Amino acid sequence: EYAGIIYSGGPASVYAPDAPTCDPAIARAGLPLLGICYGHQLLMQQCGGSVTQSSSQGIGPAKLQLLKPTGLFENEVVSNDPAQNGTVWMSHGDEVAGLPPGFEILASTPDCEHAAVGDLERRLFGLQFHPEVTNTERGDVYLKNFIRLCGLENSWTLDDFLNREIERLRETVGDKKIFFLISGGVDSTVAFALLARAVPPEHLLGLFVDTGFMRDREGAAVAEALKAVGVNLHVSEAGPLYYEKLKGVYDPEEKRRIIGELFLEVQAREVPALGLNAEEWYLGQGTIYPDTIESGSTKHSHKIKTHHNRVPAVEELIRLGRVVEPIRDLYKDEVRQLGRLLGLPDTIVERHPFPGPGLAVRCLCLEAPLTPTEDENAVADLLANPAAKDAQLDQQLSAAGVSARILPVRSVGVQGDQRSYARCAALFAGSQPTSSRELLAPLFDQGWEPLLELARVIPNQHRALNRMLLCAGARPSGDQANAWPPLSEPRFPVDLNPDRSEVLRKADRIVHDFQLEKKIYDEIWQFPVVLIPSGVTPTGESIVLRPIVSTDAMTASVYPMNPEYLAALSDRLMNIAGVDFLFYDLTSKPPGTIEWE
């Protein structure tokens, strides 16, 4: 028996020939119905409204002007003061142009008239923004109001999930055993602890594969932390195998596929070595819901990037019913809460997420020079001379005290709920400064807001870009003391190798220790450090810092580091041999993913 219906978001356009749809009679079933993003547009179309392409991409934060405090907005406060309006999170390329009969506007944003609409009598509601992400400040309240309209208040808790999942696991696994691939991160540790509640100790074995791409000294730390919580852990040193298999591999998706399948190869090798019968064992993984969504593993989700636990070999095992994933339906914040319920210490529960493939997916590889698209060339020309092409952009750059330049690399992003693989651009302060403090002068003078606004506006207006950076460190070029040194074209081909990995491991360790030293570790949700094969010299590298704030990994915002701290961190990182540039990623998710690959 159904109590309510949600039409979810997605990357499609409702007017596309193959757009996902459903029976319009669902909206006439008499149940409360909530349409979110694409679901909002589908509901409007089915009920007789119209949808059209937006004049610009609606990606990122927007201020919501509440017009009617009822329905989803019951007891909310209406204010005519823009400063009092709450923030919501947009991610769309289309918008509702006309409402169906019976619907009215409940809230708007400066760029979206129909941000929230409703037919109060029939309890049908549409939201162009995403209430389910933490960047929408009151999103949980709006969803709770919808749950109340469905008569389902207080009907689900994590305690309920824990008890039901333990029962389900016991029924599913039976007398079989579970060989669990554990990374030491939050997800795999919580999933492992949950399995330990559900199956006898002799039926559960953890395998930690040291790929050679872990953080410096991380392998030993992971093993020690897991041993402290009673994990039966076997460690496999597989670094040489991974480097050999990834030699000459450049494509990010291919890297992820190889890394994921090598986990299974190592597992298959270890099972007989440990005297185990392969037919008695399931594969266990710490997959969470964002992994599934981003890998395109739900029917209408768009593949953003393939996670190592969603490569074809794993998908085949899933099809055969040989994979156990106890937290696959949870978001990251729910995983942390579950970890506390299971009695795990905060040192593990609050640990920063770290990708299963490790630093391998933070070390960019390139096979050949990029062939710029027409749009990329247009953006490059615009940034090179904004005064002649876009007076408003030129004014914004000048007011922020920076110039902008497109960079010779691409990264993965998510724009309009779809995967993008696009160029990034960087902001540079004035002429080449002589110290990190001079280089970061815009931050010291005006703070983060003007730079973050540029990082929001430029990718929204130019889809050829999905990421904006701030140059936070540069090695002097000698004969060009008064100008920015050119960022050289990346060398080709360049793949994963121990020398490059060592540069990244050093940088990552410096960043990790710096967070602890300055006591900002708990303020940051995740801090990827990325290596780009481009610098001042043909063999130079650039480092990108990507600290973000999030709770569920579905969206993320930039961590605004204290400028004094960033200057100090820049000085330390620029002392690494071979590093020519340091950049600070200013991009929210969307349009940029948390990881670069």
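Would you confirm, using the coordinates I've provided, whether R123 is in contact with a Leu (Cβ under 9 Å, 6 or more places away or on another chain), on the phi > 0 side of the Ramachandran plot and open to solvent by 60 Å² or more (accessible area, probe 1.4 Å)? Break it down stepwise before answering.
Details: in contact with a Leu (Cβ under 9 Å, 6 or more places away or on another chain): yes; on the phi > 0 side of the Ramachandran plot: yes; open to solvent by 60 Å² or more (accessible area, probe 1.4 Å): yes.
Yes; evaluated as a whole, the condition is true for this residue.
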| What strands (runs of 3 or more DSSP E), lying completely within the range 10-103, carry at least 1 residues that are without any contact (Cβ under 8 Å) to a residue 40 or more places away in the chain? | 50-66
| task | For the range 137-153, indicate whether the set of residues that are surrounded by fewer than 18 Cβ atoms within 10 Å (Cβ to Cβ), under 30 Å from E224 (Cα atoms) and not polar (S, T, N, Q) is non-empty. | result | no
| query | When the residues of the range 496-527 are filtered to those that are modelled with pLDDT of 95 or more and outside any helix (DSSP H, G or I), which remaining residue is surrounded by the most Cβ atoms within 10 Å (Cβ to Cβ)? | reply | F527
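Just to check your reading of the model, which residue among L226, L241, L194 is outside any strand (DSSP E or B), open to solvent by less than 20 Å² (accessible area, probe 1.4 Å), at pLDDT 85 or above and of a type in the set (A, V, I, L, M, F, W, C)?
Numbers: L226 fails: at pLDDT 85 or above; L241 fails: open to solvent by less than 20 Å² (accessible area, probe 1.4 Å).
So the residue among L226, L241, L194 that is outside any strand (DSSP E or B), open to solvent by less than 20 Å² (accessible area, probe 1.4 Å), at pLDDT 85 or above and of a type in the set (A, V, I, L, M, F, W, C) is L194.
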| task | Would you check if there is a residue in the range 164-185 being of a type outside the set (D, E), more than 30 Å from N277 (Cβ to Cβ) and either touching a residue at least 12 places away in the same chain (Cβ under 8 Å) or open to solvent by less than 10 Å² (accessible area, probe 1.4 Å) (or both)? | result | no
| field | Given (1) open to solvent by 50 Å² or more (accessible area, probe 1.4 Å); (2) outside any helix (DSSP H, G or I); (3) among the hydrophobic types (A, V, I, L, M, F, W, C), number of the condition L205 does not satisfy | value | (1)
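Filter the range 258-287 for residues that are outside any helix (DSSP H, G or I), among the aliphatic types (A, V, I, L, M) and over 15 Å from V324 (Cα atoms) and give the result. Explain how you work it out, then say what you get.
Initial filter on the range 258-287 (outside any helix (DSSP H, G or I)): 274-277, 281-287.
Going one step further and asking which of them are among the aliphatic types (A, V, I, L, M), we end up with 274, 276, 283.
L274, L276, listed by residue number.
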| So R546, is it open to solvent by less than 10 Å² (accessible area, probe 1.4 Å), basic (K, R) and out of contact with any Leu (no Cβ under 8 Å at 6 or more places or on another chain) | yes
| remark: Within the range 328-357, residues being touching a Lys or Arg at 6+ places or on another chain (Cβ under 9 Å), open to solvent by 30 Å² or more (accessible area, probe 1.4 Å) and hydrophobic (A, V, I, L, M, F, W, C) number 1
| query | Does the range 528-543 hold any residues that are of a type in the set (S, T, N, Q) and buried (at least 21 other Cβ atoms within 10 Å of the Cβ), and which are they? | reply | S534, S542
| Residues that are over 19 Å from A426 (Cα atoms) and either open to solvent by less than 20 Å² (accessible area, probe 1.4 Å) or out of contact with any Asp or Glu (no Cβ under 9 Å at 6 or more places or on another chain) (or both), drawn from the range 372-390 | E374
| field | Single residue of the range 553-582 satisfying the filter (among the hydrophobic types (A, V, I, L, M, F, W, C) and part of a helix (DSSP H, G or I)) that is surrounded by the fewest Cβ atoms within 10 Å (Cβ to Cβ) | value | A568
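The values are calculated or read from the model by the stated rules, or taken from the named source; none is laboratory data. Computed from a prediction, not measured in an experiment: that's the story for all the values here. We place every Cβ from the backbone using ideal geometry, glycine too, and count neighbours over all the protein chains shown. Quick note on the areas: whole protein, heavy atoms, side chains included, nothing else; ligands and nucleic acids left out. Shrake-Rupley method; radii C 1.70, N 1.55, O 1.52, S 1.80 Å.
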